[in-house]
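Engineer: My questions will all concern the structure given below.
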Amino acid sequence: MTDVDLKSEQEIDIRDLKVAFGDFYALKGVSFFANKKEFLGIIGASGAGKTTVLRVLTGQIGPTAGQAFVGGYDVTKERMLISLLVGYVPQLEHLSLYYDFTPLQNAQFFGRLFGLRPKEIEERAREVLTILGFDEELITKQVKKLSGGERKRVSICLGMIHDPPVLLLDEPTTGLDAHLRHETLNYLKELNFELGTTMVIISHDLEIVDYCTRVCLLEHGLVSQFGTPEELISTLPGKGESIRVVLPVMSREIVDRVESAPGVQYTAMSGRNAMKLFIDDPADQILPLIKALNERKVPFEEISLVEADFFDYFQVKPWKTNETGENIT
């Protein structure tokens, strides 16, 4: 496939990417992609390789092996161009903000670094900040007088000041209260929709999945799972549905009895005294399950058919990778 072909199909394309620091491989051969205008979440624990992916995509480091493309251009061959195609929002917004400046003054400073004219910088900044919920008072207030969530939004605006087709965000919800995390993600989704910007979020937080069109799970430098949330959830027994059992009390013995019921392949906690059971054809298995629980003397208060979600999937996903990169069940 040529670079021209890539430009028409995918905004981000990572192919068998490996990055070594001495003898240590932070990435051991990862492959994933994001189509234009998608919202990609790259999720993993500390040390999974998330930040290394981001550093490759921003041209800070080169691959040891494999390839990475942004907008159809190889990041190792077109580093100057990549800086124009990619916007970047750091985890800590103080790294990208001048606190004595207003949002507009910050935008003017950073916009000039991209060779933009003052008038077009102001027009772009006002367009993005308006989508981010800023009024005239906030736009002209010193950053040091803004709230944490508002500062994060200013940082997002600066990442988009040169109108890049791709915005990379490093842990954008870190340090924010729950309602501010969702507020920030909602604004990002609105930017994604209104401006068509491809969003790539690096995070350890599963909350972002509700906003993603595609998810890449990294573990020990390898891709553990990749696909749309719906695709991944549908791989579980029940193909997106599960049986929720509410118990009067939960103990290890009770859980063992429930898990021993015929057909139960996986279970996930679903509240203080509730479990979700993953079983093939769950709608047809409710009555047999009730019988099995009665036979096992498992008291229950409620049993119902419910949708599975990504939190369930993450708890019971069929396999992970170990530290050597081998698949384990």
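The values are calculated or read from the model by the stated rules, or taken from the named source; none is laboratory data. Keep in mind that what you see is a predicted model, and the values were worked out from it rather than measured. Here the Cβ positions follow ideal geometry from the backbone for every residue, glycine too, while neighbour counts run over all protein chains shown.
Engineer: Can you work out which of the residues in the stretch 106-118 that are among the hydrophobic types (A, V, I, L, M, F, W, C), within 23 Å of Gly196 (Cβ to Cβ) and in a helix (DSSP H, G or I) is modelled with the highest pLDDT?
Structural biologist: Taking the stretch 106-118 first, the residues among the hydrophobic types (A, V, I, L, M, F, W, C) are 107, 109-110, 113-114, 116.
Okay, now just the ones that are also within 23 Å of Gly196 (Cβ to Cβ), so 107, 110, 114, 116.
Going one step further and asking which of them are in a helix (DSSP H, G or I), we end up with 107, 110.
On the way: Ala107: 95, Phe110: 92.
Filtering first and then ranking leaves Ala107.
One line per residue, one yes/no per condition, for (1) touching a helix residue (DSSP H, G or I) at 6+ places or on another chain (Cβ under 8 Å); (2) touching a residue at least 24 places away in the same chain (Cβ under 8 Å):
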residue: Ile12; (1), (2): yes, yes
residue: Arg15; (1), (2): no, yes
residue: Asn35; (1), (2): yes, yes
residue: Gly47; (1), (2): no, yes
residue: Phe69; (1), (2): yes, yes
residue: Met80; (1), (2): no, no
residue: Leu104; (1), (2): yes, yes
residue: Gln108; (1), (2): yes, no
residue: Leu113; (1), (2): no, no
